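Structure first, commentary second.
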Amino acid sequence: MNQEKTTLEIIAPSVEEAVSRGLEQLGLPLEAIVVEVLDNGSRGLLGIGGRQSRVRLSIKDLVDDSGKKEPEDKVPATKELATKEPAIENEKETIHFQEVAEKDLSEDEQKSIKVTQDVVFELLERMHVKATITTKYIEPVDENDERLVLVDIQGDDLSILLGRRSETLNALQYITSLVVSKELNRWVPMMIDVQGYRARRERQLRQLGRRMAQQAVETGKTQTLEPMPANERRVIHLELRNNTQVTTESTGDEPFRKVTIVPKK
């Protein structure tokens, strides 16, 4: 089976909540998945320095009691519908981060990288977080956007930098953007990633977008997703922009703006 389509990583305050969120996103019952606890998390001291729980949910292979895969006509309709997603036709549908070669960077961009690196290093030092920081410019995933600085943070245990629904990570990115922009007297588009979380989250969001679009088409009803930050809503919009059967829009006020998927009549 395609591993990319059958696993989901969830981070939440507790293992139970992480599993519950995962089941809701997958649209499956508990007995249809395998739960792997990647991090039990911790409460920290007086609520400070706590660590989120992290689990990986894997959809079970459809097998009968003898261990043989069931023929398609024996698969329950509800389970088949829940696990069926539009296939990724080719590699170009997966969004990759394409690095800009150093020789192609302007002096301003080179300065942006240095300042961003220094700011993130200082913030992590103040948080007493030991990590390796790599900073580079990447090409935009959308032709209407501009290049942005990607800060990749790697370390042994950096779950403290993620937070509930990546709130800590988004806050770190926002604060860094403010400090860097003030230092350079211009706005610097950037994205901060921790141990590949953004890529994993993006893959989950694209799968969610396709599945909810399919549900909108099948039911003829508008589907409303949970509140998301702007960068996550953008992933859904980009994933479905070429879908001829639905349209997407963001509704509500920050920080509770949501993506709605509307079937075309």
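The values are calculated or read from the model by the stated rules, or taken from the named source; none is laboratory data. Bear in mind that the values here come from a model prediction, so they are computed numbers and not experimental data. Ideal geometry is used to build each Cβ from the backbone, glycine not excepted, and the neighbour counts take in all protein chains shown.
General observations
- Inspection of the range 129-138 finds no residue satisfying the criterion of being without any contact (Cβ under 8 Å) to a residue 12 or more places away in the chain and either in contact with a helix residue (DSSP H, G or I) (Cβ under 6 Å, 6 or more places away or on another chain) or outside the structural domain of Val55 (by TED's automatic domain parsing) (or both).
- Here the range 233-259 is the region considered, the condition is being in contact with a helix residue (DSSP H, G or I) (Cβ under 9 Å, 6 or more places away or on another chain) and in a strand (DSSP E or B), and the residue that is surrounded by the fewest Cβ atoms within 10 Å (Cβ to Cβ) is Glu249.
- Scan the range 29-59 for residues that are part of a loop (DSSP other than H, G, I, E, B), at pLDDT below 65 and on the phi < 0 side of the Ramachandran plot and the total you get is 2.
- For the range 203-232, filtered to residues that are surrounded by fewer than 20 Cβ atoms within 10 Å (Cβ to Cβ) and acidic (Asp, Glu), the residue that is modelled with the highest pLDDT is Glu218.
- Looking only at residues of the range 96-129 that are at pLDDT 90 or above and basic (Lys, Arg), we find that the one that is surrounded by the fewest Cβ atoms within 10 Å (Cβ to Cβ) is Lys114.
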